[in-house]
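Only the coordinates and a few stated rules stand behind these numbers; no lab work does. Values in this document were obtained by computation on a predicted structure and should not be read as measured data. In this analysis, Cβ positions are derived from the backbone assuming ideal geometry, glycine residues included, and neighbour counts consider all displayed protein chains.
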Amino acid sequence: MTEVVRGGLGSRKEAGTVSRKELGAAAILIALAVLGFALSSELPRGTLRSVGAGMLPQALSILLGLCAIPILVGARRGVGGSEDLTFSLRGPILVLSATALFALTIKSSHFEGWSTPELGLVVAGPLAIIVGGHASPEVQLRPLVTLALFLTPFSLILFGDLLNLPIPIMPRYVQEVLLAGWSYRGALRLAAALMAGAGLLVLFAGRRAAAKAPSATIGG
């Protein structure tokens with residue numbers, strides 16, 4: 001009986017502890033949100049019909065800060081056990097590399113003596129998603145590719161079509177050869193439709209492969 005009571009009290013105590021790892025993650029998100037909003041505070045915000053340069057970074061900063069709320073709520077662990085506080089540089093390095101890669105390749109960036117290629121959102125978006133997704137050691141390539149093929153056309157329609165932001169769609173020489181004579185919105189919508197269609201093919205192929213895997217194992 002005494003052991004049961006002690007076990008119950010121990011479980012309550014462990015369940016009431018706070019995860020320092022999740023608190024640290026929430027603090028980093030809040031700090032980045034405040035920094036992003038402060039750096040873009042002097043840019044004109046505009047309106048939804050006429051988007052200013054400051055609307056997107058300020059909106060993303062607010063969303064980033066809001067993402068810290070569920071992390072703070074989940075910081076109180078419901079399951080006992082010691083917390084693993086080991087730190088790996090893999091996550092931060094790959095996430096920062098993906099961000100820098102996206103910024104340098106979506107549009108040509110010129111430096112002293114060299115410049116980066118303009119790949120457009122069709123290439124830079126999936127590239128950043130795949131590189132950043134490898135920050136997790138449990139990464140699987142197929143789900144990352146599926147996410148990239150769905151998230152990129154959504155971003156194309158949202159920012160290029162609905163918000164009227166003149167974002168580069170694809171490498172300029174490719175667009176000049178394949179989509180010569182197309183309007184900007186026409187090329188954007190075609191690229192979004194093709195990527196979404198490719199995403200559906202990858203998704204269905206993955207489900208079919210997963211459905212065949214158990215039967216193949218049993219047959220072997």
What whole-number distance in Å separates the alpha-carbon centres of the stretch 89-144 and the stretch 180-200? 22 Å
Which order do peptides 180-192, 147-159, 200-212 fall in by mean Cβ count within 10 Å, highest first? 147-159, 180-192, 200-212
Under the classification rounded if a/c is under 1.5, otherwise prolate if a/b is larger than b/c and oblate if not, where does the stretch 88-220 fall, given a ≥ b ≥ c as square roots of the Cα gyration tensor eigenvalues? oblate
Okay, which of the stretch 138-157 sit inside 14 Å, backbone N to the point 7 Å along the Cα-Cβ direction of Ala213? 139-144
